[in-house]
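Novice: Handing you this structure, nothing more for now.
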Amino acid sequence: MLHEPHPLPDTLIPTDSLRWRSPQPGLWVAVRADGRPAGVMTERWAEGYQVTTSHGRDLGTFPDRGAATAALERAESYRRARSLH
């Protein structure tokens with residue numbers, strides 16, 4: 001049985017520091033406040049949601065979109081903290 005993709009919003013989905021765009025079903029692109037990409041989330045049918053940073057770092061596969069977006073938010077928080085030092 002094929003897993004149907006979740007309905008995708010036509011607008012941006014704000015999170016704490018990222019906005020999410022969905023250019024096609026099963027693919028979301030996270031954009032920072034300055035407009036630069038932060039990463040991507042890809043739905044892997046029957047597996048979950050794969051998250052990769054804009055630098056190609058694989059953050060893993062997560063059971064739902066909430067956990068996947070939280071993983072990229074944490075990675076972004078860490079990146080911002082490191083850039084301050």
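The values are calculated or read from the model by the stated rules, or taken from the named source; none is laboratory data. Here the structure is a predicted model, which means the values were calculated and not measured. Don't worry about glycine lacking a Cβ; one is built from the backbone with ideal geometry, like all the others, and counts go over all protein chains shown.
Novice: For the stretch 42-74, what are the residues that are assigned to a helix (DSSP H, G or I) and within 21 Å of Gly26 (Cα to Cα)?
Specialist: Selection gives Arg65, Gly66, Ala67, Ala68, Thr69, Ala70, Ala71, Leu72, Glu73.
Novice: If you don't mind, there's one more thing I want to ask. Give me the residue from the stretch 20-63 that is aromatic (Phe, Trp, Tyr) and modelled with pLDDT of 95 or more and, out of that set, farthest from the chain's Cα centre (by Cα).
Specialist: Among residues in the stretch 20-63 that are aromatic (Phe, Trp, Tyr) and modelled with pLDDT of 95 or more, the one farthest from the chain's Cα centre (by Cα) is Phe62.
Novice: Picking from Thr61, Thr69, which residue would you name as being over 17 Å from Arg19 (Cβ atoms) and β-branched (Val, Ile, Thr)?
Specialist: Thr61
Novice: Please identify the pairs in which a residue from the stretch 57-81 that is surrounded by 15 or more Cβ atoms within 10 Å (Cβ to Cβ) has its Cβ atom under 6 Å from the Cβ atom of a residue that is charged (D, E, K, R) and outside any strand (DSSP E or B), counting only partners at least 6 apart or on another chain.
Specialist: Thr61/Glu47; Glu73/Asp16
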